[in-house]
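Report on one structure; see the data block that follows.
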Amino acid sequence: MNYALWIVQGLLAAIFLFAGGMKLVLPVEEMTKQMPLPGLFLRFIGVAEVLGAIGLILPGLLRIRPGLAPLAAAGLVIIMIGATVLTLAGGDIALALIPLVVGLLSAFVAYGRWRLPPDRGTI
């Protein structure tokens, strides 16, 4: 179970680093064309995604406060709930499956890391 959690955490970290990094690098005008949200809010989401990605990996890797990893995963679940709702509101039901699956994987990490004993929750 520990190995499965680490694999999912690594994949989620890569996804959120990419998605959050793009929200931080792209011009605000480009982002607001694609998403009907204010530019500063999209930047905030980008920062939250990057910090969440870091929070998925570093606490367990460095063995410093490993209890932060499930909190980071839970925060990313909240972001993915919002992304799923916004995608559904836009009328793209099939496209809403992507944030839904990512959110479910984040929920799996949050639940798994809260349930595992701290000594087994690290590499």
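Tell me, yes or no, whether the stretch 44-59 has at least one residue that is closer than 19 Å to Leu11 by Cβ, of a type in the set (Val, Ile, Thr) and touching a helix residue (DSSP H, G or I) at 6+ places or on another chain (Cβ under 6 Å). Looking through the stretch 44-59, at least one residue is closer than 19 Å to Leu11 by Cβ, of a type in the set (Val, Ile, Thr) and touching a helix residue (DSSP H, G or I) at 6+ places or on another chain (Cβ under 6 Å).
Residues that are surrounded by 14 or more Cβ atoms within 10 Å (Cβ to Cβ) and small (Gly, Ala, Ser) were ranked within the stretch 1-39; the one that is nearest to Ile98 (Cα to Cα) is Ala19.
Highlighted here are the helices (runs of 4 or more DSSP H) found entirely within the stretch 1-97 that include at least 1 residues which are within 25 Å of Leu116 (Cα to Cα): 2-25, 39-62, 68-89.
Every test in (1) closer than 22 Å to Met35 by Cα; (2) open to solvent by less than 80 Å² (accessible area, probe 1.4 Å) is passed by Val85 save one, and that test is (2).
Restricting the first member to the stretch 7-34 and to residues that are more than 21 Å from Leu71 (Cβ to Cβ), and the second to residues that are of a type in the set (Gly, Ala, Ser) and modelled with pLDDT under 95, the beta-carbon pairs closer than 6 Å and six or more apart or on different chains are Val28/Gly39; Thr32/Gly39.
The values are calculated or read from the model by the stated rules, or taken from the named source; none is laboratory data. Every value quoted in this text rests on a predicted model; they were computed, and no experiment measured them. Because the Cβ atoms are built from the backbone with ideal geometry, glycine has one as well, and the counts that use them run over all protein chains shown. Note: accessible area is taken over every heavy atom of the protein model, side chains too, but ligands, DNA and RNA are not part of it. Shrake-Rupley method; radii C 1.70, N 1.55, O 1.52, S 1.80 Å.
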